[in-house]
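Here the structure comes first, spelled out in structure tokens, and everything after it is commentary.
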Amino acid sequence: MSSLESLEHRELGLLYRDHHGWLRGWLLRRLAVPAEAADLAQDTFLRLLASPASLAQLQGVRQPRSFLATVAQRTLVDHIRRQVLERAWLETLARQPEAHAISPETQAILLETIREIDAMLHGLGDKVRRAFLMSQLEGASYADIAAALGVTVSSVKKYMARATEHCLIYALERQ
Amino acid sequence: MANPTIAAAAQWYARLCADDVDAADVAAHGRWLAADPEHARIWLQVERLRGTLGAAPARLAADTLIRADQHFARRRAMLRNGVGAVMLFGAGGVLAWRTLPVERLAAGYLADYRMGTGERRELLLADGTLLWLDSASAVDVAMDARGRHVTVHSGEILIDTEHAAPGLPPLRVTTLHGTVRPLGTRFTVNRQAACTRVAVLRHAVELLPASGASPLVLSAGEQGVLEASGVRREGAILGEPDAWTRGLLIVDGMRLGDFIARLDRYRAGRLSCDDAVASLRVSGAFPIDDTDRALAAVERALPVRVSRFTRYYTRVIPRG
């Protein structure tokens, strides 16, 4: 079938052939771990393959390397975010006196839930995100959140509405 | 495209979580929900969102996410500056633990709640019912054609329907052993392995055994037991069955064995009682957020000794 889709896939194949090695080097300069750079180069192409919007963009791209670098940058940031979350999770567990009571299986499930929350809140400003987490997970009052963030209670309420709307849109888009 | 119903649902949620939420807000929200099926459809997403958040261990998740934000800001700055992204995680960034013995959350969530040891929560359901969850308890809150429905898998809850919106289908509480139907009331439901104990603090409740045996109505001041064989009355309430919502265990002539089993729910690690002293009786008010203090008080009052084998294994044995 000579559909647009197959045309795009052929473009992607050419992109891969010509620039995969360059991309791995680009990532290696930022990660300093060869295996991770290779994985992330692969993930970058997979991300293109999974995203019709990015594939469509590929058609008109004049500077494929700068386009690839943009996508790779996002992949890299996501990768670091995952590492950072995992590290933060382990640090948090290490501070728990009863950490030994959480089985590795349960830990994995809890980390997945935390990742889900993190992904849901992705793209929100620091204060909005912090206000939402303090209210929803720590059970802090709006007054306490306002004091901690140095804003008014009515701002906290606005932050909460914004974060909730963001999460709802995230959930509805994924259905 | 901005969806006005999503924006409105988010505004409602922000209002219901506010410090000054009151019965009028809850009632107004109920009217908004009923006004349009689309409102209810979007609100279901809010309840799902609560489910996702509720599935996370609250303090662990908050600490992890806030800690991750701090690390992440540092690493992004390094990436921007073109420095190789060396992992830089210090032992610093110490966050003050927020010890919130009781968290108050407001809204009408359909969700599953799992309390950790020492964790308690107060929830305000959408119909105005107050639901308290005790340490180490697990419940599901759901809605079906017959109304709102709370399933208790373990631990203890307190329900207060005094401010529930009138005219809504009645709330039901079920366990493996049967169903508890409130008749305008405040009561506790304690799910144990072999039975479910119910204590009524105000008005009355109806107990319907899962076996289909005949139901029983308990009045204020009474307690009863739902079990495989049916339901039975267990006489007057001793102590204050809902004192845990205030961080206390208040008992009057309770068997030490039962008391220790109860205290075990609030303590990390295992706490047990030697049979030789299990029948001693204990009375008084004990702090549940500091079980060592509660045990010290028992040690002073009774001829027992608290033996700590390891930090996580504690046993109450005869003194001598």
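Total residues in segment A:132-152 satisfying the condition of being more than 8 Å from every other protein chain (Cβ to nearest Cβ) and either closer than 17 Å to B:H39 by Cα or assigned to a helix (DSSP H, G or I) (or both): the figure is 7.
One residue stands out among those in segment B:9-30 that are within 14 Å of chain A (Cβ to nearest Cβ), farther than 16 Å from A:A171 by Cβ and among the aliphatic types (A, V, I, L, M): the one that is surrounded by the fewest Cβ atoms within 10 Å (Cβ to Cβ), which is B:V21.
Picking from residues in segment B:276-292 that are farther than 15 Å from B:R319 by Cβ and at pLDDT 85 or above, the one that is surrounded by the fewest Cβ atoms within 10 Å (Cβ to Cβ) is B:S279. Determine which member of the set A:L76, A:L90, A:L110, A:L68 is at pLDDT below 85, away from every other protein chain (no Cβ under 12 Å) and part of a helix (DSSP H, G or I). It is A:L68. Tell me the strands (runs of 3 or more DSSP E) entirely within segment B:176-275 that contain at least 3 residues that are of a type outside the set (A, V, I, L, M). Per the criteria, B:178-191, B:195-209, B:222-227, B:230-236, B:248-255, B:270-273.
One residue alone among B:V180, B:V141, B:V200 is modelled with pLDDT of 80 or more, within 15 Å of B:G54 (Cα to Cα) and more than 14 Å from every other protein chain (Cβ to nearest Cβ), and that residue is B:V141.
Only one of the numbered conditions (1) in contact with a helix residue (DSSP H, G or I) (Cβ under 7 Å, 6 or more places away or on another chain); (2) within 14 Å of chain A (Cβ to nearest Cβ) is not met by B:L33, and that is (2).
A search for C-beta distances below 6 Å between a residue of segment B:261-286 that is within 14 Å of chain A (Cβ to nearest Cβ) and any residue that is assigned to a strand (DSSP E or B) and not hydrophobic (A, V, I, L, M, F, W, C), counting only pairs 6+ apart in sequence or on different chains, returns B:R270/B:Y313; B:L271/B:T314.
Suppose the filter is of a type in the set (A, V, I, L, M, F, W, C) and surrounded by fewer than 17 Cβ atoms within 10 Å (Cβ to Cβ); does A:A94 pass it? Criteria met by A:A94. Considering only residues in segment B:189-207 that are over 21 Å from B:A138 (Cα atoms) and more than 19 Å from the chain's Cα centre (by Cα), the one that is surrounded by the fewest Cβ atoms within 10 Å (Cβ to Cβ) turns out to be B:E206. Screening A:T164 with (1) buried (at least 20 other Cβ atoms within 10 Å of the Cβ); (2) at pLDDT below 90; (3) polar (S, T, N, Q) gives one miss only, at (2).
The values are calculated or read from the model by the stated rules, or taken from the named source; none is laboratory data. As the structure is a computational prediction, the values presented were derived from the model and not from experiment. With ideal geometry, Cβ positions are generated from the backbone for all residues, glycine too; neighbour counts draw on all protein chains shown.
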